[in-house]
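A quick write-up on the structure given underneath.
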Amino acid sequence: MARIRIIAVGKLKENYWLQAQAEYLKRLKPYIHLELVEVSDLPSPDRASSAEEQQVREREGVMIQNLLHSKEYLVTLDRQGKELSSLEFAAFLNERALDGDPLTFVIGGSLGLAEGILKSAQLNWSFSKLTFPHQLFRVMLLEQIYRACKINRGERYHK
């Protein structure tokens, strides 16, 4: 069974996001071992300068870095990353599962991820050039992992 960890900056606050997350975590149990780790979303001052925003990203990056392991395959979620179709992602997930190394996805906070985290990733993955709220994005990532599991088992799933 594949081992996947998601490190996400920030907590889900609204009940509907928590319910959606719980539903996908339940659906994923037969397919993978999934661990979800939350890192504090640091406050960013209103009208922050780019240097202040970078400081927040770097401090969040240190918290993320402290959770990373050397034997894992690291995927960062970044809109500047490589776009994959659902079928391409399913093939990627299948390949990683065959290799046996744990797979870790990192979702940044509202200001994105620290450059060091992005550079240490084996894959920077973009769902789109659009910007998504990180709470919504967590649910979107869980859904895509679930979709990939269904594809890889040849099971039906809505299109």
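The values are calculated or read from the model by the stated rules, or taken from the named source; none is laboratory data. Remember, it's a predicted structure, so these values are computed and weren't measured experimentally. Cβ atoms come from the backbone with ideal geometry, glycine included; neighbour counts cover every protein chain shown.
Just so you know, in the stretch 60-95 the residues that are at pLDDT below 95 and charged (D, E, K, R) include one that is farthest from G109 (Cα to Cα), and it is E95.
Every residue in the stretch 74-86 that is surrounded by 17 or more Cβ atoms within 10 Å (Cβ to Cβ) and either assigned to a strand (DSSP E or B) or more than 15 Å from the chain's Cα centre (by Cα) (or both), please. I'd like the intermediate steps shown before the answer.
First, pick out the residues of the stretch 74-86 that are surrounded by 17 or more Cβ atoms within 10 Å (Cβ to Cβ): 74-78, 84.
Within the stretch 74-86, L74, V75, T76, L77, D78 meet the criteria.
Take the conditions part of a loop (DSSP other than H, G, I, E, B), among the acidic types (D, E) and farther than 17 Å from S40 by Cβ and apply them to D101. Does it pass? Here the answer is yes, as D101 does meet what is asked. Note on the stretch 23-57: among residues that are modelled with pLDDT under 90 and polar (S, T, N, Q), the one that is nearest to L142 (Cα to Cα) is S44. Answer yes or no: is there a residue in the stretch 38-51 that is without any contact (Cβ under 8 Å) to a residue 60 or more places away in the chain, surrounded by 13 or more Cβ atoms within 10 Å (Cβ to Cβ), touching an Asp or Glu at 6+ places or on another chain (Cβ under 8 Å) and assigned to a loop (DSSP other than H, G, I, E, B). No: the stretch 38-51 contains no residue that is without any contact (Cβ under 8 Å) to a residue 60 or more places away in the chain, surrounded by 13 or more Cβ atoms within 10 Å (Cβ to Cβ), touching an Asp or Glu at 6+ places or on another chain (Cβ under 8 Å) and assigned to a loop (DSSP other than H, G, I, E, B). Scan the stretch 9-37 for residues that are assigned to a helix (DSSP H, G or I) and small (G, A, S) and the total you get is 2. Applying the criterion of being aliphatic (A, V, I, L, M) and over 14 Å from R5 (Cα atoms) to the residues of the stretch 98-120, the residue that is farthest from the chain's Cα centre (by Cα) is L98. When the stretch 1-26 is filtered for residues that are within 17 Å of the chain's Cα centre (by Cα), basic (K, R) and either surrounded by fewer than 11 Cβ atoms within 10 Å (Cβ to Cβ) or over 20 Å from I117 (Cα atoms) (or both), only R3 remains. Please go through the stretch 108-159 and give me each residue that is more than 25 Å from A22 (Cβ to Cβ), of a type in the set (G, A, S), surrounded by 16 or more Cβ atoms within 10 Å (Cβ to Cβ) and in contact with an Asp or Glu (Cβ under 8 Å, 6 or more places away or on another chain), ordered by number. Within the stretch 108-159, G112, A114 meet the criteria.
State all residues of the stretch 113-132 that are over 15 Å from I64 (Cα atoms), in a loop (DSSP other than H, G, I, E, B), touching a residue at least 40 places away in the same chain (Cβ under 8 Å) and of a type outside the set (K, R); if no residue qualifies, say none. Within the stretch 113-132, Q122, F127, S128, L130, T131 qualify. Return a yes/no flag: does the stretch 87-95 have any residue that is more than 17 Å from I7 (Cα to Cα), of a type in the set (D, E), surrounded by fewer than 16 Cβ atoms within 10 Å (Cβ to Cβ) and in contact (Cβ under 8 Å) with a residue 12 or more places away in the chain. No.
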